[in-house]
Amino acid sequence: MQVNIGNTQIILKKGDITEEKVDAIVNAANSTLMGGGGVDGAIHLKGGPSILEECKKIRQTIYPEGLPTGEAVITTAGNLPSNYVIHTVGPICNGKWDKEKEKLLFNSYYNSLKLAKEKGLQTIAFPFISAGVYRCPKEEASKTALKATIEFIKKENFLKEIRFILFSENDYRIFEKNLKEIIK
Ligand code: AR6
């Protein structure tokens, strides 16, 4: 599914984010920035060791105590087809949801988009942040992702293409339903 909002196209797609050819893919990292499972593991595995090397430098210089939840940083993308990886940390929900988690997840998407703008990027692809190991309720997490994206487009009028790469049919359907509701 794809829709245009302002000058930006929002694209929903089922697939593997490590195969996306965009200016930047977003990584659902943890605050250590040292890798992990899920999409984080897949990105480091396929992208190769240079991504981790840059993450280590970021830890040593800007974030010695780890990347706070809701913030975002950028590295190059090693062997991946994209040019950059934007690493952000979503909230840990463990099945629960409240205003604080919503705000933090909103910030993860919004700050990733802001960083892409600062770098002058045109295309970006997101995974379903915090919907895996961090177990945020998918319905609310998807609405928050779309809300942050649309607010960014309306305020900043930047980026040509924002993609959501959903790993399962079920996740794709959740996004499709919520995006249809938001634009109607
Ligand atoms: N492409 C697209 N989506 C994917 C891929 C992929 N290759 N692999 C998994 N997903 P998760 P989180 C989906 O757990 O919940 C890591 O260990 C997955 O189906 O990757 O934010 C980090 O180091 C799910 O819908 O991220 C952190 O410790 C979504 O990506 C922690 O997990 C996010 O699932 C972060 O947890």
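The values are calculated or read from the model by the stated rules, or taken from the named source; none is laboratory data. All figures in this text were calculated on a predicted structure; none of them were measured in a lab. Glycine also receives a Cβ, built like all others from the backbone with ideal geometry; neighbour counts cover every protein chain displayed. All accessible areas refer to the heavy atoms of the entire protein, side chains included, with ligands and DNA or RNA removed. Shrake-Rupley method; radii C 1.70, N 1.55, O 1.52, S 1.80 Å.
Using heavy atoms of the protein chains and a probe of 1.4 Å, the accessible area assigned to residue 40 is about 10 Å². Report summary: the helix-based calculation at 222 nm, which adds -39500 (n - 2.57) for every DSSP H run with n ≥ 4 and divides by the residues of the chain, gives -14000 deg cm²/dmol. Each Lys and Arg Cβ is given +1 and each Asp and Glu Cβ -1; about its Cα centre, the stretch 5-152 then shows a dipole of about 140 debye. In the structure displayed, which of 99/119; 99/138; 99/160 lie more than 22 Å apart, Cα to Cα? Exceeds cut-off: 99/119; 99/160.
DSSP finds beta bridges in the chain, and of those with both partners inside it, around 35 percent are antiparallel. Rolling a 1.4 Å probe over the protein heavy atoms of the chain, with every protein chain left in place, gives an accessible area that is 51 percent carbon and sulfur. Paramagnetic label reach from residue 176 (point 7 Å along Cα→Cβ; backbone nitrogen cut-off under 19 Å): within the stretch 99-137, residues 126-128.
Once the convex hull of the C-alpha atoms of the stretch 2-183 is built, how many Å³ does it hold per residue, rounded to a whole number?
Dividing the Cα hull volume of the stretch 2-183 by its residues yields 101 Å³.
Hey, with R₀ at 30 Å, roughly what FRET efficiency would residue 31 and residue 5 work out to, going by the Cβ-Cβ distance, to 0.05? FRET efficiency, residue 31 to residue 5: 0.45. Measuring only protein heavy atoms, the 1.4 Å probe finds residue 76 accessible over about 60 Å². Taking the chain, the Cys residues with no second Cys beta-carbon under 4.7 angstrom are 55.
The label-point distance for residue 140 and residue 103, in a model that sets each label 7 Å from Cα toward Cβ, rounds to 1.4 nm.
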